[in-house]
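What follows is calculated from the coordinates using simple rules that are stated; it is not laboratory data. Quick caveat, the model's predicted, so the values are computed rather than measured. Methodologically, a virtual Cβ is constructed for each residue, glycine included, from the backbone with ideal geometry; neighbour enumeration extends over all protein chains shown.
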Amino acid sequence: MSSTYIAIDWGSTNRRAYLMASDGTVLDTLQDDRGALSLVGDDYRREVVAIRERLGVLPILAAGMVGSNRGWREAPYAPAPADLSALAGAHIRLRDDEVVILPGVSLQTDRRCDVMRGEEVQVLGAASAGLAPADALFCQPGTHNKWIRLAGGRIVDFATAMTGELFALLRAQGVLAGMLGGEVEAGPAFQRGLARGAGATDLAVALFEVRSAVLSGVLPPADAAAYASGVLIGADVGARSDISGREVHLVASGPLAPLYAAAIEAAGGRAVAVDSRAGFTAGIHRIWELIR
């Protein structure tokens, strides 16, 4: 196989492609909104042709939702505990297309089941590159927030919270839809929402209180979105019993990063920023070295 290759972090809504040198250096990058949920069937082959026209006619190593049952070809999950070697060993190869697709990771216990695709490469790569310790708790906000625990450089436990998706649904439809158009920042309204949501066993009640508070004149309409976001993120972070007094490695960028950092700090933890791109490229390159 070629020493130079293309690595793709192919998510549900977004896609990042990296032209990778033989030593793991990123030579070029392509980012767009051609995520797995926007593609069907032969769309993937056309997308691969377009990526190669931009970055070069090279082998491709792809992770994320491209390997799901909503993607190009399903790559069965590697069961936790899992490390980079486990991901490498469970890849599938589309020889006619010179594409390798990596699996996600699954968790199954007596209490619950969970799955992920893409985040595992970022956190394992971060640990392998020294961006985070081999024993660490990660928080990866997005449409679905991932809490991932590493022990000895392996993913041993994780949980998925639908926090971002719930906020998007509340903003788009339902009784709160017309009230959540304001900006969301980690200001006083967000902090009050955090306090209400943290440890809440009545989340559905707390969310309706957004409407009641606006109608009663207690909550300014411009603050409703920030308060509601605080309630949801507060409930997400507040459900964890392992944050207080420890570092939480926050793999986030954009507007969610300061919101989750504020929530982690409010819960008694210390948010440590981790570069998601650096984690992904370190992890994907180590896998490339293992499967070449």
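Extension gain for S216-D135 works out to 24.4 nm (0.36 nm per residue, less the C-alpha to C-alpha distance). Couplings for the range 253-260, taken from phi via the Karplus curve 6.51 cos²θ - 1.76 cosθ + 1.60 with θ = phi - 60°, read 8, x, x, 6, 4, x, 5, 6 Hz in order; Gly and Pro are left as x.
Computed extension length for R292-T143: 50.3 nm, one decimal, from 0.36 nm per residue of separation with the Cα-Cα distance subtracted. Our coupling estimate for the range 178-192, obtained by passing each phi through the Karplus curve with A = 6.51, B = -1.76, C = 1.60 and θ = phi - 60°, is x, 9, 10, x, x, 6, 10, 9, 7, x, x, 5, 4, 5, 5 Hz, Gly and Pro reported as x. Highest mean packing first, where packing is the average number of other Cβ atoms within 10 Å per residue, the peptides 252-262, 198-208 line up as 252-262, 198-208.
Phi angles of the range 56-64 translate, via the Karplus equation with coefficients 6.51, -1.76, 1.60 and θ = phi - 60°, into HN-Hα couplings of x, 7, 9, x, 10, 10, 10, 10, x Hz per residue; Gly and Pro are given as x.
Summarising the label geometry, the points placed 7 Å from Cα in the beta-carbon direction at Q173 and S22 lie 5.4 nm from one another. Calculated mean residue ellipticity, 222 nm, the chain: -11000 deg cm²/dmol, from DSSP H runs (n ≥ 4) at -39500 (n - 2.57) each, averaged per residue and rounded to 500.
Across all directions, the shadow cast by the convex hull of the range 49-204 built on its C-alpha atoms averages 13.1 square nanometres. Most simply put, the chain has about 65% antiparallel DSSP beta bridges, counting only bridges with both residues inside it. In this structure, the amide hydrogen of E247, modeled 1.01 Å from its nitrogen in the peptide plane, lies closer than 5 angstrom to those of R270, counting only residues at least 5 positions away or on a different chain.
Above 31 Å, the calculated P(r) of the chain contains 33 percent of its Cα-Cα pairs.
Between A273 and I92, the modelled label-to-label distance comes to 3.8 nm, taking each label 7 Å out from Cα in the direction of the beta carbon. Judged by the gyration tensor of its Cα atoms, with axes a ≥ b ≥ c, the range 83-125 is prolate; a/c meets the 1.5 cut and a/b is the larger of a/b and b/c. Database remark: amide H of G142 closer than 5 angstrom to the amide H of G164 (H placed geometrically; neighbours at sequence offset of 5 or more, or on other chains; Pro and chain starts carry no H). Amide H contacts of L219: V214, each under 5 Å away and 5 or more positions distant or on a separate chain (H built 1.01 Å from N in the peptide plane; Pro and chain starts excluded).
Classified by the C-alpha gyration tensor, the range 184-267 has an oblate form. Its axis ratio a/c, with a ≥ b ≥ c, is 1.5 or above, and a/b does not exceed b/c.
Oblate is the label for the range 1-132. Its Cα gyration tensor axes, ordered a ≥ b ≥ c, give a/c of at least 1.5 and b/c at or above a/b.
Computed packing ranks the peptides 166-172, 64-70 as 64-70, 166-172, most packed first, by mean other Cβ atoms within 10 Å. Inter-label distance, C113 to R46: 3.4 nm, where each label sits 7 Å from its Cα along the C-beta direction. Taking a point 7 Å out from the Cα of S38 in the direction of its Cβ, the residues of the range 1-20 whose backbone N falls within less than 17 Å of it are 8-18.
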